[in-house]
1. Cut-off is 10 Å between beta-carbons; in what order do Ser132, Ser22 appear when sorted fewest neighbours first?
2. Could you name the lysines whose alpha carbon sits less than 19 Å from that of Lys35, not counting residues in the same chain fewer than 8 places away?
3. Near Leu90, within a Cβ-to-Cβ distance under 13 Å, what is the net charge of the other residues, with Lys and Arg +1 and Asp and Glu -1?
4. Which ³J(HN,Hα) values, rounded to whole Hz and listed in residue order, are derived for the range 40-56 from phi using the Karplus coefficients 6.51, -1.76 and 1.60 in 6.51 cos²θ - 1.76 cosθ + 1.60 with θ = phi - 60°, glycine and proline given as x?
5. Can you tell me the length gained on complete extension of the stretch Asn109 to Lys35, counting 0.36 nm per residue apart and subtracting the Cα distance?
6. State the extension gain, in nm to one decimal, for the chain segment bounded by Arg97 and Lys123, taking 0.36 nm per residue of separation less the distance between their alpha-carbons.
7. Mean-square fluctuation check for the chain, GNM, Cα pairs under 10 Å: which of Leu14, Leu23, Leu127 is largest?
8. Distance between Cα centroids, the range 84-144 to the range 40-56: provide it in whole Å.
Amino acid sequence: MRIRENRKSEIDTLVDIWYQSSLKAHDFIDKDYWKSQRGEMKEKYLPMSENYIISNKAEIVGFISMLDNYLAALFIDAKHQGEGYGKELLNYIKERREKIQLKVYKKNNKAVNFYLRNGFVIKEELLDEQTSEKEFLMEWGSSK
């Protein structure tokens, strides 16, 4: 298992992992929404973020994206979920930040429970205006 910053040439791979994982994890949101966001991910969100990929010997299996102390994305290729890659990426970032915030859809129980198990607490419930879905603002660490 290896974690490193992503290369520009890997953006398409990250977008594919994000898209496939989003369809699976967010089946309560119309798949056309995710399709419509692919360009934004590639052209805007990933380039403006600090992205780290995790790979096994053969391929990139996931990535994490940070905007300062905000965890903007953590996605693992569907065929590698549950193998510990997400926890490895999260621990990598936790070693480099004192505080991390993120938003996660309330209906995404698997992700909510993952973050709770990894020391995050729910700070408040919000409404995502783009999807009209409830989401949690979660936080880890302390503000010093």
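Bear in mind that the values in this text are calculations on the coordinates, not laboratory data. Just so it is clear, the model here is predicted, and its values are computed rather than measured. Cβ: placed from backbone, ideal geometry, glycine included. Neighbour counts: every protein chain shown.
1. Ser132, Ser22
2. Lys24, Lys44
3. Once positives and negatives cancel, what remains is +3.
4. 4, 4, 6, 8, 10, 5, 5, x, 8, 9, 8, 10, 10, 10, 10, 9, 9
5. Length difference between fully extended and current span is 24.4 nm.
6. 7.5 nm
7. Ranking Leu14, Leu23, Leu127 by mean-square fluctuation puts Leu127 first.
8. 18 Å
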